Amino acid sequence: MAPAILVAGGGLAGAAAATWLARAGRAVRLLERELHPGHKICGEFLSWEAQAWLADLGVDLDALGAVPIDRVRLVAGDLVAEAPLGFAARSVTRLRLDAALLEVASQAGVEVVRGCQVRELGRDGTVLTSHGPLRPETFIVATGKHGLRGMPRAREGTLDHQLGFKTYFRLLPAERAGLAGTIELILFEGGYAGLQLVERDQANLCFLVAPERFRRAGGQFTPLVEDLARESPHLSRRLAGAVALLDRPLAISNMPYGFLWAPGPEAPPGILPVGDQASVIPSFTGDGMGLALHGARLATRALLAGEPADVYARRLAADARGPVGRASWLQRQIGETSARHLALVRLARAAPALLTLGARLTRLAPGRLEAAGLKPGMAA
Ligand SMILES: Cc1cc2nc3c(=O)[nH]c(=O)nc-3n(C[C@H](O)[C@H](O)[C@H](O)COP(=O)(O)OP(=O)(O)OC[C@H]3O[C@@H](n4cnc5c(N)ncnc54)[C@H](O)[C@@H]3O)c2cc1C
């Protein structure tokens, strides 16, 4: 039998939306295509908003081994600028976080079906899955970075040309100590990387790079990282003697940074995209997870209030337009050339408060979370 509410995707947004709806007494089935928890491409930096919504959901980040981060370092070539982040961030692997969220969803009464892929959303609202067709009253699309046939994301005006990669390293003790408590943003020709510790003393290296640079490295990950390390003495020092912890890196292409969903005139009713299917913010000091959770919260509140999808879309746009717009603007200003990167780090060294300001301006405003139902006092 088709459930009243069907959720496609058991990442942050899907698991959170399903949990909040189940806690409100709704029957929810969530389909996750992966049979087992796995690694995901993500810098794994949790801003305060993400932590606030995770606390609301009952996820215990301490129990997951999340590590604290309170400083940001901007690096280009030999130049380094450093400043306080301005809020208490944390980091934890998606392997642990997403598994914990699906556990929370199950405990709330969500029917979690792993190993089931949603293949297409038909024009008449039928959802085709690897386990057969379904016709739910409400379909929440939370497939994240992965597109779903029948739910195209508009790409105009987005920045979608770079390739994304992520892996983990075990750093030498001195480098690990140097990185502790800090997110490092390392700029290089054609892109930038985020480097930070996650639980069990692993270092997450996640970066965006121009496809030409990847091609120049023979289309191979290890030569690409060696090439980046040659350009960045800082990265080279961090990775000296480090051991790669994954057999293969995770990779992604065509992320439409800057995308904000707006339902078209022909959008079938009862379809609610959440997470990266609704908003994609450039990842500097990472607010993608916070925004994914926030959007899931707005979607579930609209649904529970019986409001149509475009009311949710307008609220999401009102809350997300500022941070997404500013992060996209910053991404364009930073650009991809070394000369610009060096100028930027010189500026940040002269006025470190600019880094703290940049981190604040690319975040959701605390009042937006409280307006979406976050308990007073939980916002930063
Ligand atoms: C390179 C990079 C670095 C990032 N770094 C950060 C960061 O440091 N901090 C931060 O806050 N954000 C970061 N983000 C953004 C963040 O990862 C996303 O915003 C967030 O994961 C979105 O959550 P989601 O639930 O929408 O999607 P996802 O987390 O991608 O989850 C989608 C889920 O749907 C499942 N799925 C996909 N297709 C189907 C299907 N057809 N049927 C069933 N299931 C399906 C997937 O298996 C997955 O479990 C980064 C993003 C990128 C690309």
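The values are calculated or read from the model by the stated rules, or taken from the named source; none is laboratory data. Keep in mind that this is a model prediction, so the values were computed, not measured. Virtual Cβ from ideal backbone geometry, glycine too; neighbours counted across all protein chains shown. Heads up: the accessible areas ignore ligands, DNA and RNA and are worked out on the full protein's heavy atoms, side chains in. Shrake-Rupley method; radii C 1.70, N 1.55, O 1.52, S 1.80 Å.
For ALA320, neighbours were defined as the other residues whose beta-carbon sits under 10 Å from its Cβ, and their charges (Lys and Arg +1, Asp and Glu -1) total +1.
Compute the angle between helix 309-334 and the longest alpha-carbon principal axis of the chain, please, reported from 0 to 90 degrees and rounded to the nearest 10. Computed tilt is about 10 degrees.
For the chain, pairs of C-alpha atoms spaced more than 39 angstrom apart make up 14 percent of the total. Summarising the label geometry, the points placed 7 Å from Cα in the beta-carbon direction at ASP201 and ALA174 lie 1.6 nm from one another. Of LEU35, LEU330, LEU46, the residue with the greatest mean-square motion in the GNM of the chain, using alpha carbon springs below 10 Å, is LEU35.
Once every DSSP H run of n ≥ 4 in the chain is given -39500 (n - 2.57) and the sum is divided by its residues, what mean residue ellipticity at 222 nm do you get, rounded to the nearest 500 deg cm²/dmol?
Dividing the helical sum by the residues of the chain leaves -11500 deg cm²/dmol.
For the chain, which span is the longest to avoid every loop-located (per DSSP) member of GluC sites (Glu not before Pro) having at most 11 other Cβ atoms inside 10 Å? Numbers along the way, then the final one.
On the way: sites that count: GLU156, GLU266.
The longest such stretch corresponds to 1-155.
Taking the Cα centre of the chain as origin and assigning +1 to Lys and Arg Cβ atoms and -1 to Asp and Glu Cβ atoms, the resulting dipole is close to 280 debye. Residue order by solvent-accessible surface for MET1, MET151 is MET1, MET151, largest first, with ligands and nucleic acids left out and a 1.4 Å probe. The Cα center of the stretch 144-164 and the Cα center of the stretch 312-344 differ in position by 17 Å. When both bridge partners sit in the chain, DSSP labels roughly 70% of those beta bridges antiparallel.
Using the Cβ-Cβ distance between ASP310 and ALA379 with R0 = 30 Å, the FRET efficiency computed as 1/(1 + (r/R0)^6) comes to roughly 0.65. Cα centroid separation, the stretch 169-232 to the stretch 62-110: 17 Å.
Here r is the Cβ-Cβ distance between ALA251 and ARG332 and R0 is 22 Å; the resulting FRET efficiency, rounded to 0.05, is 0.40.
At most 16 other C-beta atoms within 10 Å and a DSSP loop state: those are the exposed trypsin sites (Lys or Arg not before Pro) I care about. Give me the longest piece of the chain that has none.
On the way: sites that count: ARG123, ARG155.
Longest run free of exposed loop sites: 156-380.
Please report the antiparallel percentage of the DSSP beta bridges confined to the stretch 1-137, to the nearest 5. The antiparallel proportion sits near 70 percent. Averaged over residues, the count of other Cβ atoms within 10 Å places the peptides 15-22, 302-309 in the sequence 15-22, 302-309, highest first.
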